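Report on the structure given below.
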Amino acid sequence: MILAVIKIMARLPLPLIHFIAWPLGMLLVLIPNKQRHCARINVRICLPQYSFWRRQYIWMRSLIEIVKTFLETPRLWMSDPDSVLQLVRKVDGLDAIEQAIKMGKGVILIAPHLGNWEMIGLFLTPQLPMVMMYRPQKNKELDDIIRNGRRRFGGELVPSTRKGLAILLKSLHENKTIGILPDQNPGAGTGVFVPFFGIPANTPVFATRLASRTGAAAFIVTAERLRFGQGYHLKISPTSECLYDQDVEIGAACMNRDMEKIILQRPEQYWWGYNRFRHRPEGEADIY
């Protein structure tokens, strides 16, 4: 069923996909489910500065936005290449990446789960040699669709393992661009606990380790979704200098603070339904 939906969605225009996503997203809002449960808790504990009704709007809208992401991504992976690239209506900060490439130390793109992160690699790969981390799927046919979709413009995928980290390091030494998703839970014992919106979160250290070892230019990149299915606005911002600290806890905390600033610009487009805080420091109670 999932594979059939993917093939159907790949043929539909973006405005129609978003129209379909609204009622499906409302089902996530109304019917008890894991995404709803996590989104309500995450927004409540991460955004206490907002009013109750503002928080309600953010977590509800975020569920609709994540449905948009899943439904529109097959179109990005499988439809006409030119039409996909034209969906990026505006780009801020690309010149900074081009300048960094000229410095010869490589570029690290840190892409939090906001808007449609798949669009970032697809749009930038034709312009930059890009290497991205990837976690293989159990279903082979689904895995093939995702791999082919992400590599359709020439991007290279590497596993999210120590071997993959070594390839990323080598790629930076070759002045290539690498892409990292920084806000996934890396698993017990494989990250560091540093604040994310004031809550200790098990945070990946790939970005800060690679930045400190290579001196590569690092950027936070998002593809914000525009209204009414118009496309995307790609935003590229340099990270803070503290990302390059030799202490991975300082670097990871710095990365999280940079992400927070970006997320607060469009909090309703962030993936609050992800159980970001499922691993807790020893002795701390379960959040979910």
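The values are calculated or read from the model by the stated rules, or taken from the named source; none is laboratory data. The shown structure was predicted, so the numbers you read here are calculated from the model rather than taken from an experiment. Don't worry about glycine lacking a Cβ; one is built from the backbone with ideal geometry, like all the others, and counts go over all protein chains shown.
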Inset, instruction - Please go through the stretch 139-157 and pick out each residue that is part of a loop (DSSP other than H, G, I, E, B) and more than 22 Å from P204 (Cβ to Cβ). - result: N139, R151, R152, F153, G154
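Determine whether P126 is surrounded by fewer than 21 Cβ atoms within 10 Å (Cβ to Cβ), at pLDDT below 95 and in contact with a Phe, Trp or Tyr (Cβ under 9 Å, 6 or more places away or on another chain).
So P126 passes the test.
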Inset, instruction - Could you figure out which of (1) surrounded by 21 or more Cβ atoms within 10 Å (Cβ to Cβ); (2) in contact with a helix residue (DSSP H, G or I) (Cβ under 7 Å, 6 or more places away or on another chain) isn't true of Q137? - result: (1)
Inset, instruction - All but one of (1) assigned to a helix (DSSP H, G or I); (2) over 15 Å from M119 (Cβ atoms) hold for Q49, so report the exception by its number. - result: (1)
Inset, instruction - Can you run down the residue pairs with Cβ atoms below 8 Å, 6 or more apart or on separate chains, where the first is in the stretch 124-144 and in contact (Cβ under 8 Å) with a residue 24 or more places away in the chain and over 16 Å from V221 (Cα atoms) and the partner is buried (at least 20 other Cβ atoms within 10 Å of the Cβ) and of a type in the set (D, E, K, R)? - result: Y134/R150
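With respect to G155, is the statement that it is modelled with pLDDT under 90 and under 30 Å from L85 (Cα atoms) true?
Working: modelled with pLDDT under 90: yes; under 30 Å from L85 (Cα atoms): yes.
Yes.
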Inset, instruction - Determine which single condition R257 fails, assuming it passes every other condition in (1) modelled with pLDDT of 95 or more; (2) surrounded by fewer than 22 Cβ atoms within 10 Å (Cβ to Cβ); (3) outside any helix (DSSP H, G or I). - result: (3)
Inset, instruction - Considering each residue of the stretch 64-100, count those that are in contact (Cβ under 8 Å) with a residue 12 or more places away in the chain and either among the hydrophobic types (A, V, I, L, M, F, W, C) or in a strand (DSSP E or B) (or both), and give that number. - result: 19
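Could you look through the stretch 158-198, keep only residues that are in a strand (DSSP E or B) and surrounded by fewer than 16 Cβ atoms within 10 Å (Cβ to Cβ), and pick out the one that is modelled with the highest pLDDT? Give the steps one after another, and end with the answer.
Initially, the stretch 158-198 is screened for residues in a strand (DSSP E or B), giving 158-159, 177-180, 192-196.
Subsequent filtering for residues that are surrounded by fewer than 16 Cβ atoms within 10 Å (Cβ to Cβ) retains 159, 195.
Details: P159: 80, P195: 97.
By that ranking, first place goes to P195.
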Inset, instruction - Go over the candidates E268, E284 one by one and state the one that is more than 26 Å from L168 (Cα to Cα) and crowded, with 17+ Cβ neighbours inside 10 Å. - result: E268
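Hey, among K90, K163, which residue is more than 23 Å from L243 (Cβ to Cβ) and within 19 Å of the chain's Cα centre (by Cα)?
Details: K163 fails: within 19 Å of the chain's Cα centre (by Cα).
Step by step, each of K90, K163 is checked, and only K90 is more than 23 Å from L243 (Cβ to Cβ) and within 19 Å of the chain's Cα centre (by Cα).
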Legend entry - Matching residues in the stretch 145-156 - criterion: being buried (at least 20 other Cβ atoms within 10 Å of the Cβ) and free of Cβ contacts under 8 Å to residues at least 60 places away in the same chain: G155
Legend entry - Count of residues meeting criterion [out of contact with any strand residue (DSSP E or B) (no Cβ under 7 Å at 6 or more places or on another chain) and farther than 13 Å from F197 by Cβ] in the stretch 244-266: 8
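Out of all the residues in the stretch 34-43, is one or more at pLDDT 95 or above, of a type outside the set (G, A, S), within 30 Å of A217 (Cβ to Cβ) and outside any loop (DSSP other than H, G, I, E, B)? So that I can check it myself, show each step before the final result.
Step one: of the stretch 34-43, the residues at pLDDT 95 or above are 34-43.
Still in the running and of a type outside the set (G, A, S): 34-38, 40-43.
Narrowing the set further to residues that are within 30 Å of A217 (Cβ to Cβ) leaves none.
No - not one qualifying residue is present in the stretch 34-43.
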